[in-house]
1. Order 231, 35, 401, most accessible first, counting only protein heavy atoms with a 1.4 angstrom probe.
2. Mind running the shape call on segment 96-240? Use the C-alpha gyration tensor, a ≥ b ≥ c as the square roots of the eigenvalues: rounded below 1.5 for a/c, prolate if a/b tops b/c, oblate otherwise.
3. Taking the Cα centre of segment 1-134 as origin, work out the dipole magnitude from +1 charges on Lys and Arg Cβ and -1 charges on Asp and Glu Cβ, in debye rounded to 20.
4. Give, in nm to one decimal, the length gained when the segment between residue 87 and residue 430 is fully stretched (0.36 nm per residue of separation minus the Cα-Cα distance).
5. Can you give the calculated 222 nm mean residue ellipticity of the chain, where each DSSP H run of n ≥ 4 adds -39,500 (n - 2.57) and the sum is split over every residue, rounded to the nearest 500 deg cm²/dmol?
6. Taking the Cα centre of the chain as the origin, how large is its charge dipole in debye, to the nearest 20, when only Lys and Arg (+1) and Asp and Glu (-1) carry charge on their Cβ atoms?
7. Might you tell me the accessible area per residue for the chain, computed with a 1.4 Å probe and given in Å²?
8. For segment 44-162, what's the relative contact order in percent, using C-alpha pairs closer than 8 Å and at least 6 residues apart?
Amino acid sequence: MQKIKPAYLLGIILALAGFTHLWNATGFPDVFFDEGVYLARAMNVLDGLGPQVGYFHDHPFFGQIFLAASLGLTGFPNSLHPSMNQDSIALLYLVPRILMGLLAVLDTFLVYLIADTKYGKKIALVASLLFAVMPITWVLRSILLDSILLPFFLSSIFLALKMSNSNKYFLSLVSGIFLGLAIFTKIPVFTMIPLVAGLVYFHSGKDAKTLVLFLVPVLLIPLLWPLQAAETHQFDLWMKDVLWQTQRHSTGLPYISLLFYQMDPVLFVLGVSGMGYAILRRNYLVLFWIVPFVLFLLMIGYNQYFYWIPVLPVFCISSAILLIDILEKIRKKGTDKVIRIIVVSGIAVFGLASTIMVISTNLTNTEFAAAAYVLQNATNDTTVLASPVYSWMLNYVFHKENVPNDYSYVLFEPIKTNKVLLVADPHFLIDIPRGKQLAQIYNDSKTVATFDEDVSMYNTNGYPYSSIRLNLDGMHIEVKAK
């Protein structure tokens, strides 16, 4: 039987990645609070108002610059001819989510290139296949900084692996630029500096000049963030906000590890087993990729399930290394090749089927319907209090007046109009304990519309629909008027 060429297999894998990351892009996952935050910041850049929105310095600003530049190429949002109906509002989220899906396809290709360069085509094909089809990778569908930085980080690793004597200075510099841009998108990726720096140093023949060329952009590019704050006389605010970010508290690393296991038990078990195998084999690429990052997550108080994004590729690579090595040892004992193919394809088919079941759900209808209702009922003498999921489009697309960036505005400023529309979604209800003003506006207003998403047909306590429990911001939405 003639072997299928790796290029054809890679083409199939990339097609699968395109499907799993682009199918039903606006239906699943729900529109998360932070997606609205980053779209608002991107629109601020598109409107020529600069990279910094207000006085809150929670993350560097390359993410919104990249998002604005990418959306600007499509003529967003005017090219969509937006109107105040549910379908048109869904389109406003479709374009940036397609961008996230395309980045995920690029990530899949980069996972293949990295694994192929370091470990060979067998491991590369299995690693990229896992990255393309396993359920946990649905987190890449959301408009998040972690999704934006990943291709820059992976490109930095790949270039470090491809250095030779003839091009090592150029590639070390470009690798540093890519990692610098990844850190300039979200700071925690600085934990990857030892990994890529080590690759640059050893793959250049221990040439110290290449390491210096690599480190210069890695260190200088992220410095643009505090320099911009200093230039705008906000450095004291920058320091305060950076310290606040490190001191936030949540359920921590054990909880998001549990969420990973619940969303994708197969990849979690394979990946953790692969990490153990990497320790035995002294696989430094795998260890330096995962260990510093996990230690950092242990040190900080605040963790979210999507913080796993930068290490999802190494989960897939370590899983592939473990699988291939086990199957190769079985081959030496005379096991038929068909059996080995069945094992790998069985895992992939199981993962793909689980992913399809999850991404085929629709969890955003209520959010888009609520947005349409607010748009149709918000007059210029009405203050609209809502999460950024809604406020960014009211502000930057439909140019409504009296729309703060989010409902926490009432904690710091008095409402300046007599009329108020409040979008009380699950995220708002969680935030009510932040201040009595939120509870007061909720209790003093009258419910004028409700929007409910029925998920009772799914067993959200069991696999694979356990992911739905992380996507509840559209389950019950009240629009209240005062």
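The values are calculated or read from the model by the stated rules, or taken from the named source; none is laboratory data. Bear in mind the structure is a predicted one, so any value in this text is a computation, not a measurement. Cβ placement follows ideal geometry from the backbone for every residue including glycine, while neighbour counts extend to all protein chains displayed. Accessible surface is based on the protein model in full, side chains and every heavy atom, while ligands, DNA and RNA are left aside. Shrake-Rupley method; radii C 1.70, N 1.55, O 1.52, S 1.80 Å.
1. Values: 231 130, 35 0, 401 100 Å².
So the residues, ranked largest to smallest area, are 231, 401, 35.
2. In terms of gyration-tensor shape, oblate.
3. Numbers: 7 positive and 8 negative charges, 163 e Å.
Computed about the Cα centre, the dipole is about 780 debye.
4. Answer, rounded to one decimal: 120.7 nm.
5. Working: 20 runs with 295 residues, N = 482.
My calculation for the chain gives -20000 deg cm²/dmol from helical runs alone.
6. Dipole magnitude for the chain comes out near 2100 debye.
7. On a per-residue basis, the chain sits at 43 Å².
8. 24 percent.
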